[in-house]
Amino acid sequence: MKPTAFEYHRPDTLERALSLLAQFGDDGRPIAGGQSLVPMMNLRLARPLHLVDINGLALCDIDQQDNVVRIGALVRHETHLRDPLIARHFPALVEGVRAIGHPTIRRNGTLGGSLAHCDPTAELPLLCMLHDGAIVVASSNGERRIAATDFFEGAYMTALEAGEMIVAAELPVPGGAHAGAFEEMAERKGDFAIAAAGVVLGHENGRITGAKVACSGAAQAPMRARPVEQALNGADLASPGAAAVIAGFLETMDPPGDHAASAPYRRALIGELIDRAMTKACRRALEAS
Amino acid sequence: MITITLEVNDVSRRVQVEPRRLLADVLREQFGLSGVHIGCAQGACGCCTVHVEGTPRLSCLTFAVQCDGKAIKTIESVGGSKAEHMLQTAFRTEHGLQCGYCTPGFIMTLMPFVEQMTGERRMPDEAEIREAMSGNICRCTGYHGIVAAVRKAIADSLEDTERP
Ligand SMILES: Cc1cc2nc3c(=O)[nH]c(=O)nc-3n(C[C@H](O)[C@H](O)[C@H](O)COP(=O)(O)OP(=O)(O)OC[C@H]3O[C@@H](n4cnc5c(N)ncnc54)[C@H](O)[C@@H]3O)c2cc1C
């Protein structure tokens, strides 16, 4: 018997789930796909006294309201790959989600679970940050929206407070023509990445009108590469030429060195992945126009 | 203890479980289904894959209480006592197994893939087959024989469904 003992609750409404979470505070935890929580419980790294199973809640929809796509917390990774709204507005997200784990993991793991777990190189936190996303969080006191750039605070650390749970992520729909790409490096395909990069380019008449660039692997949480974004704005899709700015951006990083990759290797890798994602996004933009 | 009802391989049964009992352990110990193998208990090896409501799921990352009222299939439901499902036969002829520890997990993971490809009437390329089995680890036979077995199972069932 691997995990420590706990009490199991399966609420069928959000209100009930939130009142249970409020009641248990730090002793309670939601369980969604279980793909990160149960390994931790089996290793006894997590020992919740109460598990609140949220799989019965109606948080599985992806829909658009005005200029925002709202993705429910219980949307399984795999569902992102088949959804027409996501395909149309967030191609980099589709490419990123394809890199998560393996088919069985993608069928069962959820968006909310990945965002709350907040592994430093998990794809979905990076992708939410890349798309200027907001995380919608609920508790028995009501709802609040937290910008993705503020939500992910460090390795396995988020802005979630006891009694709160994620109900959705909201991504603003890009205006005009856009292209995106995602690149990562893992030791084996499907493993957690050593580093990753995503790029979204708005474009018009062969020029970049607005660039978003995000990367992981440099710090305990993903980050936006603002200087690279600024350098790309107005650049020619056929030769964006941001090499010097990317090199400068890498100098500002202080990535960790570990058994998987030394700090200099990691820095070089992030530069290479940003460059590859940027080049791919530019090519896609040119092909589409 | 909580009383739950599991429909395992088409038979419904009520069992008493502690919430912390993993589905893998309950299937092995309370249902006597020793074909559910436990490898890593962290989701990394795929050995314990079963179907919950028709979808592959790692039974070491699932609490049995979460499956109350659900239909579960294990390797014991596949191919009869002689293991004659097309994919099992192909594993045998293509040298897809040696010690057999990982085999139930591979079969349960790959069955829906073989069915999907047969439904789409196409032979996947090597990369697609390897992606489909990427969540399962084999530590003795190696993967070439398993890839060949998947290809053979799909070829056989395509041929089978072509016959008038
Ligand atoms: C072999 C393997 C390989 C993997 N590879 C990758 C990979 O390459 N990239 C990657 O990103 N992930 C990977 N994962 C993790 C996978 O994506 C998980 O599905 C995901 O991290 C967590 O989602 P879940 O729904 O399973 O969450 P759970 O495991 O159920 O929960 C994870 C944590 O989030 C909390 N939680 C869950 N839902 C909510 C919510 N709505 N609100 C607040 N808190 C919540 C839980 O309390 C827990 O702390 C891998 C997992 C395995 C087993």
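The values are calculated or read from the model by the stated rules, or taken from the named source; none is laboratory data. It should be emphasised that the depicted structure is a prediction, and the values quoted were computed from it without experimental measurement. Cβ atoms come from the backbone with ideal geometry, glycine included; neighbour counts cover every protein chain shown. The accessibility values were calculated without ligands, DNA or RNA, using every heavy atom of the protein model including side chains. Shrake-Rupley method; radii C 1.70, N 1.55, O 1.52, S 1.80 Å.
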Problem - the range A:38-74, subset farther than 23 Å from A:Pro11 by Cα and among the acidic types (Asp, Glu), residue most open to solvent (accessible area, probe 1.4 Å) - result: A:Asp66
Problem - Selection from the range A:1-60 of residues that are in contact with a Leu (Cβ under 8 Å, 6 or more places away or on another chain), among the hydrophobic types (A, V, I, L, M, F, W, C) and closer than 16 Å to A:Thr110 by Cβ - result: A:Leu14, A:Ala17, A:Ile31, A:Ala32, A:Val38, A:Val52, A:Ile54, A:Leu57, A:Ala58, A:Leu59, A:Cys60
Handout entry: helices (runs of 4 or more DSSP H) fully within the range A:206-289 counting 2 or more residues that are of a type in the set (Val, Ile, Thr)
Key = A:243-251, A:263-288
Exercise for the section: Inspect all residues belonging to the range A:84-92 and state whether any of them is away from the ligand (no atom under 14 Å from the Cβ), within 15 Å of the chain's Cα centre (by Cα) and surrounded by 21 or more Cβ atoms within 10 Å (Cβ to Cβ). Expected result: yes
Practice task
For the range A:134-143, state whether one or more residues are out of contact with any helix residue (DSSP H, G or I) (no Cβ under 7 Å at 6 or more places or on another chain), open to solvent by 20 Å² or more (accessible area, probe 1.4 Å), within 30 Å of B:Glu131 (Cα to Cα) and without any contact (Cβ under 8 Å) to a residue 24 or more places away in the chain.
Solution key: no
Exercise for the section: Please work out which residue is surrounded by the fewest Cβ atoms within 10 Å (Cβ to Cβ), limiting yourself to the range A:93-102 and to residues that are over 11 Å from the mean Cα position of the chain (by Cα) and within 11 Å of the ligand (Cβ to nearest atom). Expected result: A:Arg98
Completion exercise
Within the range A:7-43, of all residues that are under 15 Å from B:Phe63 (Cβ atoms) and away from the ligand (no atom under 12 Å from the Cβ), the one farthest from the other protein chains (Cβ to nearest Cβ) is A:His9
Handout entry: One residue from A:Gly217, A:Gly198, A:Gly113 being within 14 Å of chain B (Cβ to nearest Cβ) and surrounded by 24 or more Cβ atoms within 10 Å (Cβ to Cβ)
Key = A:Gly113
Exercise for the section: Please tell me if B:Thr3 is β-branched (Val, Ile, Thr) and away from every other protein chain (no Cβ under 11 Å). Expected result: yes
